[in-house]
1. Condition test on ILE135, is it within 21 Å of the chain's Cα centre (by Cα) and at pLDDT 95 or above?
2. Residues of the stretch 210-225 being more than 19 Å from the chain's Cα centre (by Cα) and more than 21 Å from ILE295 (Cα to Cα), which ones?
3. Suppose we filter THR204, THR210, THR246 for residues that are among the polar types (S, T, N, Q) and part of a strand (DSSP E or B); which single one remains?
4. I'd like to know if the stretch 461-470 contains one or more residues that are part of a strand (DSSP E or B), out of contact with any strand residue (DSSP E or B) (no Cβ under 8 Å at 6 or more places or on another chain), without any contact (Cβ under 8 Å) to a residue 40 or more places away in the chain and under 29 Å from PRO117 (Cβ atoms).
5. Collect the residues in the stretch 416-434 that are farther than 11 Å from TRP373 by Cβ and charged (D, E, K, R), keeping them in residue-number order.
6. Is one or more of the residues making up the stretch 184-192 surrounded by fewer than 21 Cβ atoms within 10 Å (Cβ to Cβ) and either over 27 Å from GLU79 (Cα atoms) or over 19 Å from the mean Cα position of the chain (by Cα) (or both)?
7. Exactly one condition in (1) surrounded by fewer than 22 Cβ atoms within 10 Å (Cβ to Cβ); (2) free of Cβ contacts under 8 Å to residues at least 60 places away in the same chain is false for ASN313; which is it?
8. Does THR73 satisfy the condition of being loosely packed, with under 15 Cβ neighbours inside 10 Å, more than 19 Å from SER444 (Cα to Cα) and among the hydroxyl-bearing types (Ser, Thr, Tyr)?
Amino acid sequence: MFWIRKYSHSDIANALNAGKSILGTALICCAGLALNPAYAKDGSGYGKHKHQHGIQKSEPKLNKGKGKGLCKTKKIDWENVEEETIVPVQEEFLYVGTINQGGETDPDMLLVIGANPGNEEEYGKIIHRMDLPNIGDEVHHFGYNADRSKLIIPGLFSSRMHIVNLDDPRKPYVESVYEDLVKDSKYQDPHTVIGLPNGNNLVTMLGADTETTAPGGIIEVCGETGEYLRDFGPSARRNHERIGPTYMYDAGYKPELNRMISTTFGLPRDIEGPINVAGLGDEVYVWDLQKEKVIQRVKLSPNSGALEVRWLNEHGVPIGYTNAPGTDEIWMWSDMDGDGFYKFQVAIQLPQFSTPTDIILSTDDKFLYVANWVGGGVPEGGNIQQWNIEDPFHPVLVAQVDTPYAQMMRLSLDNKRLYYGNSLLSGWDDTEFPPGVTRNISYSVRKINIDHTQGGMQPDLDFIVDTSNIQKKNTIGPAGPHQIFFDPAATPGGGFH
């Protein structure tokens, strides 16, 4: 093992600002990991810590009527997408996508939970429950439309698109339901929802309406109605072995680099039942953003099932992470020589049966948070870890909080409060994993207070919202909280998801 130098974010920033390559000065040889040169064609704007991609300079023109024809697709000029500066504000409440558990008599729901400790009547309490109109949708991931006036809540397994009115942010309601997504797009299982600079939304689709449920893909939809507008990239009717992607889960883009990364999980036929590690995919994809085309198909570990796409927020930094629950790994990608092709390597190897099902970054790229759903395989296991990534190639574990079934996280914009749910999928929550250990026997939304300066985490015992036995539309019983969003005023625009 030998060391020449380790590089931090500031090292990379300085090199990019200078417009230089630092080839030959950044090399680490240890366990097969190598840090290659930093490079950027244009270092302008670097170091401003703006990290969400906002409204295009030339705004799209939308039809004014309701229903079909309300939205039109417009080519995005990614080179002229302006970034939105994040201004931290106290979140007032949480929107929590929540699946019905314990039977088939109730629909899934959106819970509104008070999050401002200054409002004692609402803090840590369910202040509103919005029921979906049908049973069996499988609420999973969702998101805002481009101007944050509505929520778009897909049914992962039903492929319905629910448009949620936020005129009264404390009392959202389902404004409309779009039922024809599969018929119109030929894709199925909508997942990630991202606001686009042209006013529409990008939606990732886990699979297609085919016998094998392959391939996955990406579409553009109307943020006012959820209607399919066009394919973002190739259509569902293709030879996916020749034209990628095959798998699809999450996606995240970096306009200043003209790149997008998309991930894996597994095909719908393999993940809609009980836990099936053998059905998880092993590929991730690098896209040319402007051309909407896969340019790299990268093999990770077999059955790794890569999930979230988390680019570093710093403008122009070609580094990011994804979590692989099937193999207990955190992978990273980088393009330090600036040639547009990305190198993938394991950044963190977690203990067996950790099962990292979510990761999230602090807004200044100081910490990476990892939610381990299984947490070693003991009954009521699970934990959330805080890793220092100021040297992004060498994460350092700083703190860990043990908590049952840690799942999707949401970090406040000032990096001081971390909220999370603890349900994954309806068919996975009740499965024994590892064998002999039942997964969820309780459900809740919880909060951890963060020491962002020195590092450290402390559970907030005044904020535990137990959803193991709540009033649902027709019965009282368990409900599984998954993804969380803040109220519109505390949520950035653009690519935030």
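1. On the way: within 21 Å of the chain's Cα centre (by Cα): no; at pLDDT 95 or above: yes.
In short, no.
2. If we filter the stretch 210-225 for residues that are more than 19 Å from the chain's Cα centre (by Cα), which is where we start, we get 210-215, 222, 224-225.
Hits for the stretch 210-225 are THR210, GLU211, THR212, THR213, CYS222, GLU224, THR225.
3. On the way: THR210 fails: part of a strand (DSSP E or B); THR246 fails: part of a strand (DSSP E or B).
From the options THR204, THR210, THR246, the qualifying one is THR204.
4. Of the stretch 461-470, the ones part of a strand (DSSP E or B) are 461-466, 470.
Checking the rest, the ones that are also out of contact with any strand residue (DSSP E or B) (no Cβ under 8 Å at 6 or more places or on another chain) come to 461.
If we keep only those that are without any contact (Cβ under 8 Å) to a residue 40 or more places away in the chain too, we end up with 461.
Keeping just the survivors that are under 29 Å from PRO117 (Cβ atoms) gives 461.
Checked against the condition, which is being part of a strand (DSSP E or B), out of contact with any strand residue (DSSP E or B) (no Cβ under 8 Å at 6 or more places or on another chain), without any contact (Cβ under 8 Å) to a residue 40 or more places away in the chain and under 29 Å from PRO117 (Cβ atoms), the stretch 461-470 yields at least one hit.
5. Hits for the stretch 416-434 are LYS416, ARG417, ASP430, GLU432.
6. Checking the stretch 184-192: at least one residue is surrounded by fewer than 21 Cβ atoms within 10 Å (Cβ to Cβ) and either over 27 Å from GLU79 (Cα atoms) or over 19 Å from the mean Cα position of the chain (by Cα) (or both).
7. Of everything listed in (1) surrounded by fewer than 22 Cβ atoms within 10 Å (Cβ to Cβ); (2) free of Cβ contacts under 8 Å to residues at least 60 places away in the same chain, ASN313 misses just condition (2).
8. Numbers: loosely packed, with under 15 Cβ neighbours inside 10 Å: no; more than 19 Å from SER444 (Cα to Cα): yes; among the hydroxyl-bearing types (Ser, Thr, Tyr): yes.
For THR73, the condition - loosely packed, with under 15 Cβ neighbours inside 10 Å, more than 19 Å from SER444 (Cα to Cα) and among the hydroxyl-bearing types (Ser, Thr, Tyr) - is not met.
The values are calculated or read from the model by the stated rules, or taken from the named source; none is laboratory data. Bear in mind the structure is a predicted one, so any value in this text is a computation, not a measurement. In this analysis, Cβ positions are derived from the backbone assuming ideal geometry, glycine residues included, and neighbour counts consider all displayed protein chains.
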